[in-house]
Each structure stands twice: as structure tokens, then as C-alpha cells.
1. Would you compute the Debye intensity of segment 49-97 from its alpha-carbon atoms alone, equal scatterers and no solvent, and pass along log10 I(q)/I(0) at q = 0.14, 0.18, 0.27 Å⁻¹ to two decimals?
2. Divide by every residue of the chain the summed helix terms, -39500 (n - 2.57) for each DSSP H run of at least 4, and state the resulting mean residue ellipticity at 222 nm, rounded to the nearest 500 deg cm²/dmol.
3. Label point 7 Å out from Lys177 along Cα-to-Cβ: which residues of segment 38-65 have amide N under 20 Å?
4. Holding the Cα-Cα limit at 23 Å, pick out from Lys34/Lys177; Lys33/Lys274; Lys34/Lys212; Lys33/Lys152; Lys30/Lys274 the pairs that are longer than that.
5. Before I look further, what does the chain give for accessible area per residue, probe 1.4 Å, in whole square angstrom?
6. Tally up the carbon and sulfur contribution to the accessible surface of the chain as a whole percent, 1.4 Å probe, everything protein left in place.
7. Within the chain, which DSSP H helices have Cα atoms that stretch 27 Å or more along the helix axis and a mean Kyte-Doolittle hydropathy of at least 1.6?
8. What is the Cα centroid distance between segment 69-83 and segment 182-221, reported in whole angstrom?
Amino acid sequence: MNNVLLATISGVITALCWGTTDWISSKLTKKFKKLEMNFAFQLPSILIMIPILVIVGQPLPSINLILRLCLISCFFIVAFLFLLKALSMGSVGVVVPIANTYSLLTLALSSIFIGVVFSNFQIIAIAGIVLGVVLLVYEKNHEKIPIRVHHKATIYALFASAFWGLGFFLVDTVIGKVSWQMLTGITSTFMVIFSFILIAITNRGEIISVLKKSLSIKLALFGGVIAQIGVISLYIGSDRSGSVVIPVVIASSSPLIASCLSTLYDNEKLGLIKRIGAVVVVAGIIALNLI
């Protein structure tokens with residue numbers, strides 16, 4: 001299979017999974033504490049990866065790579081917590097698209113520091129997808145959230161985008177140096193450990209009860225499974241294509257999925273500009289695979 005096509009398919013699968021996860025997160029943020037939700041979302045990842053790592057039986061990478069994967073995990077945890085904070089305050093239609101503009105930073109950093117090269121046609125297609133994602137960001141404040149709170153939620157969403165962008169750039173620096181199984185397994189392990197540490201620090205004397213409450217959030221656990229499928233798909237596509245850029249750019253269209261789910265189940269309206277953005281994203285994905 002063509003590597004670009006495989007990277008595209010992996011990005012689409014990731015977008016579907018992460019869009020669903022974003023929608024699930026938006027349903028839970030106003031009902032549960034963020035650290036409890038975070039642990040529930042992260043735990044399934046390590047349970048999925050342990051059997052895979054046992055079957056593969058690969059040796060651990062170098063200490064340098066492990067430390068880099070540790071930093072990646074830290075960035076991703078911080079990004080997700082910023083997203084949950086933003087969702088607890090602001091409109092889903094605004095927060096989720098802004099948080100998913102991380103591909104802009106990843107694309108810029110990878111092009112500047114790693115020298116990721118694309119053909120002129122691919123650059124135009126990627127630019128089209130990015131433009132579509134930018135259009136998806138637009139949303140009127142239908143929920144009548146106060147301007148001050150609305151702006152705070154936007155700032156938190158931008159922080160989430162920045163940390164995801166940095167994290168995926170670092171992922172691009174390890175692609176080809178470590179297998180997707182090890183990449184996914186080690187980062188998942190660190191993310192669960194960090195999530196546990198945060199709960200331990202903030203809930204001294206009540207750790208067991210908090211963990212039990214986390215494990216009772218079944219929808220978050222389900223969201224964690226879906227999110228991990230998206231992670232695995234993203235890293236497989238990145239490993240085969242030699243760069244995280246194409247899968248990440250396509251995966252950043254996940255707000256469209258969240259918006260469609262909100263339209264179907266929460267009676268939210270999918271505005272004209274977002275529909276145009278969706279068409280532009282799809283056109284860019286098709287164009288990316290015409291060469």
C-alpha cells in the first residue's frame with residue numbers, strides 16, 4: 001500500500017476516534033473532577049498495550065529515547081488537562097476546534113528543525129486541510145457564555161493546542177528510531193504514571209477512594225479505549241510514512257466528528273462555515289492521495 005495512503009487512512013481513523021473522545025469529554029467535564037476523568041481516560045491505554053508488548057517482545061530503547069518519550073507523555077497529559085479545563089468552562093464548538101489546531105505548530109516545527117519535505121502538490125493539499133481545520137474553529141457563542149469566561153476557555157484551549165503541537169513534534173523526532181509498539185507502550189505507561197502521581201499529590205489520604213471513583217466513570221474508560229485505538233492508528237501510519245505530519249494534520253480534523261455527534265445527539269447546529277471547512281478538509285485529503 002502507498003505510504004501516503006496508509007498515513008491518510010491512519011489519520012482518518014485517528015480523527016474518528018479522537019473526535020468521539022472529545023465529544024465524550026465534553027459530556028463529562030461538568031460532572032466529574034478533571035484529574036479523576038484524566039486517570040479514567042489514560043488507564044485503558046496501558047491495559048491495551050501490555051499484551052501487544054508481550055507478544056512483540058522487543059528490547060527497550062536507549063535511555064535517551066526513553067527520556068524523550070517521557071517528555072512527550074508529560075506534554076500530552078498537560079494538553080489533555082488543559083482541554084478538560086477549557087471544556088468545563090466554555091462552548092464545545094469553540095474549545096474542541098481550537099485545541100485541535102496543534103497540527104499547525106507540529107507542521108511548522110517539523111519543517112524547520114527536521115526538514116520534512118513534501119512535493120508542491122502535497123504542500124497544497126496539506127495547506128487545504130489546515131485551512132479546513134481553521135474554518136472548523138469558527139463557531140458563534142450559541143450558549144451565551146459570558147465573554148470573560150469564554151475568553152478564558154479559549155486561552156486554555158490554545159495552551160492544549162500548544163502542548164499537543166510540541167508533543168507531536170517530539171514524536172516526529174523519534175519516528176524511525178523506535179517501533180510504534182514501543183512508542184505507544186512507553187508513552188502510555190508514563191501517562192498513566194503521571195496521572196496517578198497527580199491524584200496522589202492532590203488527594204493525600206483519599207487516594208483509594210478517588211481511584212475507585214475514577215474507575216466508576218465508565219464512559220471515560222470507554223473513551224480511553226477509543227482514544228488509544230486512535231493513538232495506535234496514528235503511530236502505525238507515522239511509522240510507515242516516516243513522519244507524523246500527514247497523520248497529525250488529518251487527525252486534527254477530529255472536531256468535525258465531535259460536531260457531527262453533537263448535532264446528532266445534542267441538537268447542536270452545524271453552521272455553514274463549519275460545513276465549508278468539512279468540505280475543504282475532505283477535498284484536501286482526496287488531493288493528498290492523487291499523486
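The values are calculated or read from the model by the stated rules, or taken from the named source; none is laboratory data. Predicted model only: the values in this text are computed from it and were never measured. All Cβ positions, even for glycine, are placed from backbone atoms using ideal geometry, and neighbour counts span all protein chains on display. Each accessible area value is taken on the protein alone, full model and side chains, heavy atoms only, with ligands, DNA and RNA left out. Shrake-Rupley method; radii C 1.70, N 1.55, O 1.52, S 1.80 Å.
1. The computed values of log10 I(q)/I(0) come out as -0.59, -0.72, -0.97.
2. On the way: 13 runs with 230 residues, N = 291.
The helix contribution divided over the chain gives -26500 deg cm²/dmol.
3. Only 58-65 pass the distance filter.
4. Working: Lys34/Lys177 34 Å; Lys33/Lys274 30 Å; Lys34/Lys212 15 Å; Lys33/Lys152 18 Å; Lys30/Lys274 25 Å.
Where the Cα-Cα span goes over 23 Å, the pairs concerned are Lys34/Lys177; Lys33/Lys274; Lys30/Lys274.
5. Values: 13130 Å² over 291 residues.
I get 45 Å² per residue for this part.
6. Numbers: 9390 of 13130 Å².
Its accessible area is 71 percent carbon and sulfur atoms.
7. Values: long enough: 3-28 (37 Å, 0.94); 34-56 (34 Å, 1.69); 63-89 (39 Å, 2.25); 147-174 (41 Å, 1.00); 180-202 (33 Å, 1.70); 218-241 (35 Å, 0.98).
What comes out of the filter, once short or polar helices are dropped, is 34-56, 63-89, 180-202.
8. 13 Å
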